[in-house]
Amino acid sequence: MKTQKRRRKESKTNYSKRIKLLKSMSPRIVFRKTNKYLIAQYILSKEAQDKVEIGVNSKDLIKYGWPKEFIGSLKSIPAAYFTGFLIGEEIKTKKETPIIDFGMIRNLHKTKIYAFLKGLVDAGVKIKTKEKVFPSEDIIKGSNLKNKIPFEEIKSKIEK
């Protein structure tokens, strides 16, 4: 009987998926969620060793005008959109189209991972997706929240 690897037991790594991603020889955009923040990284793999070229954390949104009353919501859907938009602005000059790596996050439509993808697409990264899986514009702009997020102001600061 074969024993599972430690990271597989902890539900951190799906090794069969990782092997397929590494065999593609394409750069990856890795999206991870923590208890407080969202993390996005542009990773190049060479001989199964990953090198992080660009890293963005949702905590970086504070520099771009994220409201102080929403500091506790740096892993919300609007924060996921802006995190994707921020890393998309930094990597859109790269020529290779990256592969998205969500890891062990459940793939549900209209959630944070698709808000992140919408941010990437809006920044100009060429990724094949279907529009129907993205959250609605109202939710991305945070109109369901009591206080409004200055959406256009933050977006214009990131674009500069």
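Where a number appears in this text, it was derived from the coordinates with a stated rule and is not lab data. The shown structure was predicted, so the numbers you read here are calculated from the model rather than taken from an experiment. Cβ sites come from the backbone with ideal geometry, for glycine too, and all protein chains shown count toward neighbours.
The table that follows gives values for the structure above.
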item	result
Within a Gaussian network of the chain (alpha carbon springs, distance under 10 Å), most fluctuating of Tyr114, Tyr15, Tyr81	Tyr15
Net charge dipole size for the stretch 10-159 [Lys, Arg +1 and Asp, Glu -1 on Cβ; Debye, nearest 20]	480
Residues of type lysines that Lys9 reaches as a straight line, Cα spacing below 28 Å, ignoring anything fewer than 8 places off in the same chain	Lys17, Lys20, Lys23, Lys33, Lys36, Lys46, Lys51, Lys75, Lys112
Relative exposure of Phe134, Phe102, judged by other C-beta atoms within 10 Å (fewest first)	Phe102, Phe134
Gaussian network model of the chain, Cα within-10 Å springs - most flexible of Ala115, Ala80, Ala48	Ala48
Selected from Phe102, Ala48, Leu61, residue furthest toward positive end of dipole (the chain; charges at beta carbon)	Ala48
Estimated distance in nm for a label pair at Met25 and Lys130, the labels positioned 7 Å out from Cα along Cα-to-Cβ	3.2
Within a Gaussian network of the chain (alpha carbon springs, distance under 10 Å), most fluctuating of Ser73, Ser26, Ser16	Ser16
Over the chain: helical MRE at 222 nm, DSSP H runs n ≥ 4 each giving -39500 (n - 2.57), nearest 500	-9500 deg cm²/dmol
Mean projected area (nm²) of the alpha-carbon convex hull when the stretch 1-139 is viewed from all directions	9.7
